[in-house]
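Taking it in order: structure first as structure tokens, then the write-up.
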Amino acid sequence: MKKPLLSLIILFTIALFTPFSVFAQKKLIKKLFSNEKDTTRSSSFIPLPAVGYSQETGLEFGALTLYSFYSDRQDTLTRNSSVTGMATYTTQKQVNLKLQTDYWTPQNRYHYFNEIRYKNFPFNFYGTGPQTRESDELKVTQKLFRVIAEAEKKTGKVSYTGINASFEKHDYDFGDEPTNSSNPLLLLRGKNGGQVLFAGISQILDSRNSNTYSSSGTYLKLNYSYAPAVFGDQNFEGSFTKLDFRTFKSLGNQLILGVNANYQTIQGSNTPFYLLPQLGNDQMMRGYYTGRFRDQNLMALQAEIRYRFIPRFALVGFAGGGTVYSNGNLNFANLKPSLGGGFRYFFDVERGLSIRMDYGIGEKRAGESRQTGFYLSLGEAF
């Protein structure tokens, strides 16, 4: 399994030990560790070197960057906008590229989100359903090209209505496959890849006091997307529905309670394995390898306690549960636990922008090691 990227360690090593003037060092240290807010609402930029290693990829190296700004610096209600970039390369000649923009216009009248991604990277495939085994693991090489575009217009005090479109092209290499009739890969839909084009609508209620570090308010987004049969009968035709609910409450003494519920369902013909909702990532069901469990439907719930003991640092504890299931086969006996904690360093106190380190623990299945995961990311999990 892939070892975590060491961005944070490298960042501080470079920041604190690279030779430059004493004055510049003091200025940088004050910026990194001072509890004072930047009330000028000026833009900020942070680069994070990224290094990792796994048996499948060899050495992985590259960079993560985050540029944050306000479209209207005078209006204190205008939310923070950002441009996030990622580029990594491995010694096995694999590439992972992503550029993402999250833009709020003045007074939050419109919200635009865009993402373009290319990935030529291996991953572990375990099959479909909530009971796949570790012994089912297959090493698969994926080539993914994806474009996402979303636009939302404010239609009320806390309501937004939006439209969205996305295009994905997938290619897969499962390596040397057995050719006998008992090979389950022969029945796996989408194992050779395919293309899909989604178009959809969204309805959002958003009363959060911040889109980066919420301490009060509620967020609810319902999205329905449809994929027509524009790429031939062998490609997916159907719908994808997602529900994302978040609510936050301040408990006093720098304590915040956050609750997050997520539901996804994909319905249609020729549904490929790569479009099935996947349990586990750095945002929901931490502790599970992304794609360890996947099926037509997903439901998950988590709660998080955040203790920001000083403006620059915070501790977090979280717990939750979730599962995946095929149509008509929801079984709460398959509910999987998620438990863990983490640390936050706020590199921008005023905006609530943080570097997040989380360690999650999942289930312990008979004959298998307990599922765990370490995550190093920018921003909160939800």
Exercise for review: Calculate, axis by axis, the spread of Cα positions in the range 202-354 along the three principal axes, and write the results as whole Å, longest axis first.
Suggested key: 57, 32, 24
**Study point:** Extreme residue, positive dipole direction of the chain, given options Ala87, Met357, Gly321 (C-beta unit charges)
**Key:** Met357
Exercise for review: Specify the angular offset, from 0 to 90 degrees and rounded to the nearest 10, of the alpha carbon long axis of helix 22-33 from the longest principal axis of the alpha carbons in the chain.
Suggested key: 60 degrees
Point to revise | Options Asn211, Ser135, Asn108, ranked by Cα towards positive dipole end of the range 99-231, top entry (Cβ charges) | key: Asn108
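What value in Å³ per residue do you get for the convex hull of the alpha-carbon atoms in the range 7-378?
Values: hull volume 57.4 nm³, N = 372.
Per residue, the Cα convex hull of the range 7-378 comes to 154 Å³.
So for Arg344, Arg292, Arg370, fewest C-beta neighbours within 10 Å to most, what's the order? List each step's numbers first, then the result.
Numbers: Arg344 21, Arg292 24, Arg370 10.
Going from least to most buried by this count: Arg370, Arg344, Arg292.
Suppose every K and R has +1 on its Cβ and every D and E has -1 on its Cβ; what is the size of the dipole of the chain about the Cα centre, in Debye to the nearest 20? Intermediate results must be reported in sequence, preceding the final value.
Values: 43 positive and 31 negative charges, 239 e Å.
Rounded to the nearest 20 debye, it is 1140 debye.
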Check your understanding: What angle do you read, to the nearest 10 degrees and between 0 and 90, between the alpha-carbon axis of helix 7-17 and the longest principal axis of the chain?
Key -> 30 degrees
Practice item. Count the net charge of all other residues whose Cβ sits under 13 Å from the Cβ of Gln264, scoring Lys and Arg as +1 and Asp and Glu as -1. Key: +1
Check your understanding: Over the chain, what is the relative contact order in whole percent, taking alpha-carbon pairs under 8 Å and six or more residues apart?
Key -> 10 percent
Exercise for review: Would you mind ranking Leu77, Leu185, Leu301, Leu353 so that the residue whose beta carbon has the fewest other beta carbons within 10 Å leads the list?
Suggested key: Leu77, Leu185, Leu301, Leu353
Study note, to complete from the structure: For the range 61-157, listing GluC sites (Glu not before Pro) in a DSSP loop whose Cβ sees at most 15 other Cβ atoms within 10 Å gives Glu137
Practice item. Please sort by residue number the GluC sites (Glu not before Pro) in the range 304-382 whose DSSP state is loop and whose Cβ has at most 11 other Cβ atoms within 10 Å. Key: Glu368
**Study point:** Scattering profile of the range 286-382 at q = 0.12, 0.15, 0.21 Å⁻¹ [log10 I(q)/I(0), Debye over alpha-carbon scatterers]
**Key:** -0.46, -0.66, -1.04
Review point. Once the piece of chain linking Tyr112 and Lys249 is laid out straight, how much longer is it, given 0.36 nm per residue of separation minus the C-alpha distance between them?
Key: 46.6 nm
Check your understanding: Toward the positive end of the charge dipole of the chain, about the Cα centre and with charges on Cβ (Lys, Arg +1; Asp, Glu -1), which of Leu257, Pro337, Asn297 goes farthest?
Key -> Leu257
Review point. Using the count of nearby Cβ atoms within 10 Å as a rough guide to exposure, how do Asp295, Asp206, Asp176 rank from fewest to most?
Key: Asp176, Asp206, Asp295
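Every number in this text was worked out from the coordinates using simple rules, so none of it is lab data. Note that the structure is a prediction, hence the values are computed from the model and not measured. As a convention, Cβ positions derive from the backbone with ideal geometry for all residues, glycine included, and neighbour counts pool all protein chains shown.
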